[in-house]
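To start, the structure under review is shown below, and the notes come after it.
The values are calculated or read from the model by the stated rules, or taken from the named source; none is laboratory data. Note that the coordinates shown come from a computational prediction; the quantities given were computed from them, not determined experimentally. All Cβ positions, glycine included, derive from the backbone under ideal geometry; neighbour counts span all protein chains shown.
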């Protein structure tokens, strides 16, 4: 449209595109925010003036020389955070669907937190004391509030902890496969992820001890409860052996407890409750059980490493926003918090079972374990299938899934897909997604 030209009326746009007035209003708002449209009350919306061409574009090639050969690859994380196109069956993602989030309870908690006279004051270093005490009680195992550091979400916790523990160039042992976000953080920090295979019982302690010996690593990252992406839980007989391997290597264990509140079945206690030597650094996050923008978590550590982590957080970000800390404290202290958790667990159980039923009906040739919690199924594809190409073809066919290959820090031993059952709008969408995926796989 020419600058200054009037857009059709909202009613005309509703009729033309067969959408609701709310959709048209949101679309116009987005266009205005992007500077493409100017709205004038009482007159309508008009195409915005175009910026005048400023001659030759600036020469920015010098930056390639200055930045050097180091790069930060966010492609895997951005894939997981990018919304699916309209009409797509969403079987990938790391958060609860909005209908499963405690939206009303969060709004109430945020309103109460914001009304406090000191809500916008600087919090105590380390975090709001009452929230630190709540995390200490819920983790258990002799953890005290003094051991707890409030952080700006699980991903920021990983960044802070890994930078505090390891210098650039150091090896970091990780489960294979593992969470995409830790691989991105490790590589961006100049660390070298070293794979340790996972099977149905979690990480293999024999190979963990071997990896410590061969690499000289001083830290191991693990998700013992509802591992992402496989959904496995570290077997009871392996827990002490994992800690023994770390003791023998003089190494830390970074325990990412992201899914404790997403257990369809009750998970075992955190590894830190078995640790008496300050070897486990525990990350506790509630974002997955609440909402993506509630970026508050806790890091629990003992001894000099705790001081190192606190100092690293202080120089990197000062402290997490106090209103968010107070909001989380209001939420978890309310009578509705246990009810929300029961509701989420029941919904996850129903969705998991519905998804497994759909796979048994439409894709019985895939091998899929039944997870006891978390958000994902881990599907073993037939040999010879290119999982990355399959995921791309599936998206073109209207179903979003995650290829398994990026979850491996080195070569993938077999093709897999990670299928999420918490991000779709309904169980009917899950079934439709499997039907579309089956059609793609068989073509």
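Quick notes
- Residue 76 being modelled with pLDDT under 95 and not in a helix (DSSP H, G or I): no
- Residue count for segment 155-173, restricted to those that are assigned to a strand (DSSP E or B) and more than 21 Å from the chain's Cα centre (by Cα): 1
- Inclusion of residue 86 among residues that are in the same structural domain as residue 228 (by TED's automatic domain parsing) and part of a loop (DSSP other than H, G, I, E, B) is not warranted.
- Checking the stated criteria, residue 413 turns out not to satisfy the condition of being part of a loop (DSSP other than H, G, I, E, B) and touching a helix residue (DSSP H, G or I) at 6+ places or on another chain (Cβ under 8 Å).
- Residues (in contact with a helix residue (DSSP H, G or I) (Cβ under 8 Å, 6 or more places away or on another chain) and either outside any helix (DSSP H, G or I) or under 28 Å from residue 178 (Cβ atoms) (or both)) located in segment 416-432: 416, 417, 418, 419, 421, 422, 424, 425, 430
- Hits in segment 378-389 (condition: over 23 Å from the mean Cα position of the chain (by Cα) and outside any loop (DSSP other than H, G, I, E, B)): 389
- From the list 81, 100, the one residue that fits, being surrounded by 10 or more Cβ atoms within 10 Å (Cβ to Cβ), without any contact (Cβ under 8 Å) to a residue 24 or more places away in the chain and within 30 Å of residue 262 (Cα to Cα), is 81.
- Comparison of 375, 348, 328 shows that the only residue that is closer than 29 Å to residue 178 by Cβ, under 20 Å from the mean Cα position of the chain (by Cα), in the same structural domain as residue 119 (by TED's automatic domain parsing) and surrounded by 21 or more Cβ atoms within 10 Å (Cβ to Cβ) is 328.
- Among the candidates 176, 144, residue that is in contact (Cβ under 8 Å) with a residue 12 or more places away in the chain and either more than 21 Å from the chain's Cα centre (by Cα) or surrounded by fewer than 24 Cβ atoms within 10 Å (Cβ to Cβ) (or both): 176
- The set of residues in segment 103-129 being within 26 Å of the chain's Cα centre (by Cα), in contact (Cβ under 8 Å) with a residue 24 or more places away in the chain and under 25 Å from residue 343 (Cβ atoms) consists of 103, 105, 106, 108, 109, 110, 113.
- Just one of (1) part of a loop (DSSP other than H, G, I, E, B); (2) within 30 Å of residue 433 (Cβ to Cβ); (3) at pLDDT 90 or above fails for residue 126. It is (2).
- Counting the residues of segment 395-409 that are under 21 Å from residue 182 (Cβ atoms) and either surrounded by fewer than 24 Cβ atoms within 10 Å (Cβ to Cβ) or in the same structural domain as residue 195 (by TED's automatic domain parsing) (or both) gives 6.
- Of the candidates 185, 194, 203, the single residue that is touching a residue at least 40 places away in the same chain (Cβ under 8 Å) and crowded, with 18+ Cβ neighbours inside 10 Å is 194.
- Against the test of being touching a helix residue (DSSP H, G or I) at 6+ places or on another chain (Cβ under 7 Å) and not assigned by TED's automatic domain parsing to the domain that holds residue 380, the options 233, 281 yield a single qualifying residue, 281.
- The set of residues in segment 309-336 that are over 30 Å from residue 162 (Cβ atoms) and touching a helix residue (DSSP H, G or I) at 6+ places or on another chain (Cβ under 6 Å) comprises 330, 336.
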